Amino acid sequence: MARDPYQELGVPRGAAEDEIRKAFRNLAKKHHPDANPGDQAAEERFKRVSAAFDILGDPDKRKKFDSGEIDADGHETGRGFGGGWSPGGFEGGRRGQTRGETFDGVDLGDILGEMFGARGGARGSGGGFGGGHARGADVRAKLEIDLEEAIAGGKKRIAFSDGRTIDVPIP
C-alpha cells in the first residue's frame, strides 16, 4: 500500500505546485537507481516518490486525492454501498461495486433503496442505509500471504504509515 503522497514527498497538504515539483526532483535525484546501483531500498523509495508525484504533480489527480475520490495508489475509492474492506477482500457483492452502479441495466442503488425505504440507498441526510458522513477517511492495504498461511489460516498484522496497526484474520 502506498503511503500518503504528501508524506512521501515531505510537503504539507497546501503546498504549491513548484514546492511539490522541487521536493520530487530532490528526492528523485537522491534515490534514483542510477545514482544508487544495487541499492534496493533506494530503488523502492524512488518508486514511491515517483508514484506520489504522479498524483500530486497532476492537478486533476491531486484534486481527486484531496477530495477522497482516489487513494494513494490512484485507484478510485468506494463510496456508499459496497465501499470498504470485508474479510473476503471484496467490496460489496462485486469487486469495486459502488452505489448507483448497474448490473444488467438495473441500478443497484435504486433496488436497495426501495428495499430499505429510500431512493438510491440513502435515507435523508445522515440516517439509514448508506447515508451520512463517514467518521474518517477510507484506508486500503494490500496483504500478501504465502500458500501455507492461506491453508493454515491465522492472523497477520498490518502497520500503517501513521503508526496504527491492526490484526487481520486469515480464515
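Here, each number is a calculation from the coordinates, and none is a lab measurement. Quantities reported herein were computed from a predicted structural model and do not represent experimental measurements. As a convention, Cβ positions derive from the backbone with ideal geometry for all residues, glycine included, and neighbour counts pool all protein chains shown.
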Ratio Rg/Rh, restricted to region 5-66 and using Cα atoms, in which Rh is the Kirkwood radius: 1.00
What order do you get for Asp34, Asp39 when you list them from fewest to most C-beta neighbours inside 10 Å? Asp34, Asp39
Can you sort Arg48, Arg157, Arg21 by how many other beta carbons sit within 10 Å, fewest first? Arg157, Arg21, Arg48
Region 1-48 versus region 55-76: alpha-carbon centroid distance in Å: 17
If each residue's Cβ is checked for other Cβ atoms within 10 Å, how do Leu56, Leu147 rank with the fewest at the top? Leu147, Leu56
